Amino acid sequence: MGDWSLVYEAYDPKAQGLREALCTLGNGFFCSRGAFAFETADDTHYPGTYLAGGYNRAVTPISDREVENEDLVNFPNWLCLTFRPADGEWLSLETYEVLSFRQELDLKSGVASLVMRVRDHGQRETVVEERRLVSMADPHLAAIELKITPENWAGPIEVASALDGRVINWGVKRYRQLASRHLDVLDDRHFSGDLTGDDMLAVTVETNQSKLRVGEAARTRLFRDGRRMEVQMTPADEPGCPRQIFTFHADEGEPTRVEKVAALYSSKDKAISEPGLAARELVDVASDFDELVDKHAHAWNGLWGRFDVQAESDDPQLQMIVRLHIFQLIQSVSPHTLDVDAGAPARGWHGEAYRGHIFWDELYILPFIDTHYPDISRALLRYRYHRLRKARWAAEHAGHGGATYPWQSGSDGREESQVMHLNPRSGRWVPDASAQQRHVNLAIAYNMWAHYQLTGERAALETGNADVIIEIARYFASLAQWNEARDGGRFEIHGVMGPDEFHESYPDAEEHGLRNNAYTNVMVSWLMETALQVVEALDDEPRRDLVQRLGITEAERDRWDRLSRRMYVPFHADGVISQFEGYDNLLEFDWEGYREKYGNIQRLDRILEAEGDSADRYKLAKQADALMLFYLFDQPQMEARFQRLGYPFSAEHWLKNVDYYLARTSHGSTLSFLVHAWVLARHRPDQSWEYLLTALNSDVGDIQGGTTAEGIHLGLMAGTVDLVQRGLTGLQARDGKLIFDPSLVGSIRRIATALQVFGHWIMLEATPDTLTLEFDIRWQRRAERIPVEVAGRIEEFEPGVRKTVPLKQPTVVAVDAAGA
């Protein structure tokens, strides 16, 4: 396994779901799981094709109530391609014996391949080779090449190619009690191409609630010795599934190459008449497989030039996993995302987990994209702006001002969080209060301001982002309650949940929600100060327009300033930040006893519910909550924030909080390992390294025991790469200034990448002892010499000139001349 390839050397049916997720191919417009083209959906294999933003609602009666969910829809399976000897069984790894096997995902070219030798019940041995792609050059195209070589037999053979529109959503076991049929087949047919005259397949479906129409078409051709074969084709259609069977004679040792090209359009696409027609027209004129590969690889080469992060270390897999994470990120959000109304999905477009919804994971995803392809970030932030109206309605409906976004968002911005969820450990449906995680709004505002800080672009602020930040500030300003009796007068916020997620309410309380979650309140302080800065960051005319359009008054600005200084933060008696008010009164948890009893206790909420208990009773956390502040703000920023609030904070407080919460965190979310690796990087690098390795291996190793098969964890993948390139180099952009403070952990000996900051490129290389920067010559438009803070001191860089600086100043030894 090299730095550019994910490789599996043996077939493992138990790991097939995981591999399908990790070998998913996509282009930001649609993704197809890495299921074998010759397999159908069952408990081992699950082919799935998902359109970015392709949602549909369905209602299911559960426990005397109707539960409505909006799902990411599994669209028709275009992969279907298989063969059999004329008197044998269709290829399936459930019935054929696997003699050798190698599956590879080439990250550099974006092509997945499979080479295996199989034996059927008739003792016929065949070499099967497959390559496939979902085109990054043309977002509407995908293709498969299947090569069949009989090794010890000859005779008639059949190849079947189909488009299956009968698919349902069946990829997440705990959702299977819910309505799963989302598609109506409008059209399934064979058609003759106007250009080629080939017999081709087409299917058009429509979602039964959202009325999203998707058209697919496929062209299948056979080749031998580099020439196209003229073979018998027999239709073998079933309702909703047009199918071709090609029959020909196979010779021993002679490979036959089958080439299938597919096209996909949706009714959301621009410049088309109808998606079925658009798909049929495109597949008729599409290039052959080899040319598609060349164009696709060229597109990926350009993307790697912008996105690659080199991370050299003694760990044999670290570099490959970093690139795998970048690869999966680009497949979910790419330049093709610029024309799509979709957000950054928490689980990618790789499966049906979380129903494809948009959470707060953008907080981990967007900073990396900001520094490599900011136009994509801006498009993803537009997803939030386009749903501002619905966010305002939500705030008004709740009796508050401003705008509040949902914890889970899908097609139109309404709250998609479930009101009940299934605990797979107990088999019970239990109430779900996760919609009270109002901190998602703080993540949205943080992302929008960070985009401005990293890019220096006022245009995004002027065309919507400022409106969103201001309206979110208004929401929290209306949510905050003044308590004169608290510490000389403080603002409080009640009835929310923090990032922890285990704590939904106080023990035995009838109502959900907590008082004064520390993360929320400190972030509200940050938000209020930022709202003031947003107004001042705009040029005169856009500022006047914003103030007039939104009716921003001096009295409102004064309230924001007061909120930024007087938010209440709860503390334990020893100075540790209380995760929320009353946290220190909860019971200590028997960590060792539960580890001994259950082994893996990451999901303590499910374990305790199955026991008839509740996580609400204990001092524990699923993931970083109070420590999320340490992830977003470094120590000097934390000290400044708490100073503004009138609370003490120092390096001693930093480590005391880290120790306290690390001992009480189950890491029930893979994001927890990422956050703790970041927080510890400059204080305990060895411990940071251990958390980083765990985070990097979370999806590749499926450490949660099956969740990755349902869809990758996109926030984790983007966040780990951002940790390497931004966290370990100490990159910050504040108020037009650049800061670097490298701290390479573990065996990492070199980090190198190209970054786009303030609209221009920087070539960066960091080692444990040095930092090398080269500013693109276009930086001359900003200044002849660029001042940069490096490890606490100012260094000047000349655009177009590569310069290396030591991270530690050389020690100057004074020598007494008289005693020399």
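The values are calculated or read from the model by the stated rules, or taken from the named source; none is laboratory data. What you see is a predicted model, and the numbers here were worked out from it, not measured in a lab. Methodologically, a virtual Cβ is constructed for each residue, glycine included, from the backbone with ideal geometry; neighbour enumeration extends over all protein chains shown. Heads up: the accessible areas ignore ligands, DNA and RNA and are worked out on the full protein's heavy atoms, side chains in. Shrake-Rupley method; radii C 1.70, N 1.55, O 1.52, S 1.80 Å.
Assorted remarks:
- Under 9 Å, Cβ to Cβ, from Ala353 - net charge with Lys/Arg +1 and Asp/Glu -1: 0
- Lys, Arg +1 and Asp, Glu -1 on Cβ, resulting dipole of the chain about Cα centre, debye, nearest 20: 1440
- For segment 276-318: rounded, prolate or oblate by the Cα gyration tensor [a/c cutoff 1.5]: prolate
- In Å², nearest 10: area of Glu639 left accessible to a 1.4 Å probe: 70
- Degrees, to the nearest 10: 374-385 long Cα axis against longest axis of the chain: 80
- The shape of segment 18-116 comes out oblate: with a ≥ b ≥ c from the C-alpha gyration tensor, a/c is at least 1.5 while a/b does not beat b/c.
- Full extension of the chain between His298 and Asp87 yields a length gain of 71.7 nm, computed as 0.36 nm times the residue separation minus the alpha carbon distance.
- Gain upon complete extension [Arg644, Arg595; 0.36 nm per residue less C-alpha separation]: 13.5 nm
- Net length gained if the chain between Ser5 and Thr553 were fully extended (0.36 nm per residue, minus Cα distance): 191.6 nm
- The chain, relative contact order [Cα under 8 Å, separation at least 6], %: 11
- Spin-label pair Leu587-Val98: with each label point 7 Å from Cα along the Cα-Cβ axis, the two points sit 4.6 nm from one another.
- Among the listed pairs Lys14/Lys619; Lys147/Lys173; Lys173/Lys295; Lys270/Lys390; Lys268/Lys390, those beyond 29 Å (Cα-Cα): Lys14/Lys619; Lys147/Lys173; Lys173/Lys295
- Dipole size of segment 380-421 about its Cα centre, with +1 on Lys/Arg Cβ and -1 on Asp/Glu Cβ: approximately 220 debye, rounded to the nearest 20.
- Residue-level accessible surface for Lys737, protein heavy atoms, 1.4 Å, Å²: 140
- Along the axis of the charge dipole computed for segment 240-341 (Cβ charges of +1 for Lys and Arg, -1 for Asp and Glu, origin at the Cα centre), the listed residues Gln310, Ala271, Val261 are led at the positive end by Ala271.
- The DSSP beta bridges internal to the chain are antiparallel in roughly 95% of cases.
- Heavy-atom accessible area per residue - segment 475-628, 1.4 Å, Å²: 42
- Taking the longest Cα principal axis of the chain as reference, the axis of helix 685-700 is set at about 30 degrees.
- Computed E for Glu291/Phe191 - FRET, C-beta separation, R0 22 angstrom, nearest 0.05: 0.45
- Carbon + sulfur, % of accessible area of segment 139-209 - ligands and nucleic acids excluded, 1.4 Å: 44
- Shape category assigned to segment 362-476 from the gyration tensor of Cα positions, a/c cut at 1.5: oblate
- Restricted to Cα atoms, the chain shows a radius of gyration and a Dmax of 28.2, 102 angstrom.
- Å² per residue, accessible surface of segment 331-397 at 1.4 Å: 28
- For segment 153-212, trypsin sites (Lys or Arg not before Pro) are listed when DSSP marks them as loop and at most 10 other Cβ atoms sit within 10 Å of their Cβ; the list is Lys211.
- Angle of helix 388-397 to the longest C-alpha principal axis of the chain, folded into 0 to 90 degrees and rounded to 10: 60°.
- Across the options Gln687, Asn69, Ala86, the greatest Cα extent toward the positive end of the charge dipole of the chain (unit charges at beta carbon of Lys, Arg, Asp, Glu) belongs to Gln687.
- Förster-model FRET efficiency, 60 Å R0, Glu230 and His400, C-beta, rounded to 0.05: 0.30
- If R0 is 60 Å, the Cβ-Cβ spacing of Glu238 and Ala663 corresponds to a FRET efficiency of close to 0.55.
- Spherically averaged projected area of the convex hull of Cα atoms, segment 137-182: 6.9 nm².
- Farthest towards the positive end of the charge dipole of segment 573-657, among the residues Gly575, Leu629, Tyr594, is the Cα of Leu629, using unit charges on the Cβ of Lys, Arg, Asp and Glu.
- Our summary gives segment 1-82 a relative contact order of 23 percent, counting only alpha carbon pairs under 8 angstrom and 6 or more residues apart.
- Fraction of accessible area attributable to carbon and sulfur, segment 709-793 (%, probe 1.4 Å): 44
- In the calculated pair-distance distribution of segment 685-801, the portion above 24 angstrom amounts to 37 percent of the Cα-Cα pairs.
- Its relative contact order, with pairs defined as Cα atoms under 8 Å and 6+ residues apart, puts segment 635-749 at 20 percent.
- For segment 554-657, the spread of Cα positions along each principal axis, largest first, Å: 57, 31, 25
- Percent carbon-and-sulfur accessible area, segment 258-303, ignoring ligands, DNA and RNA, probe 1.4 Å: 49
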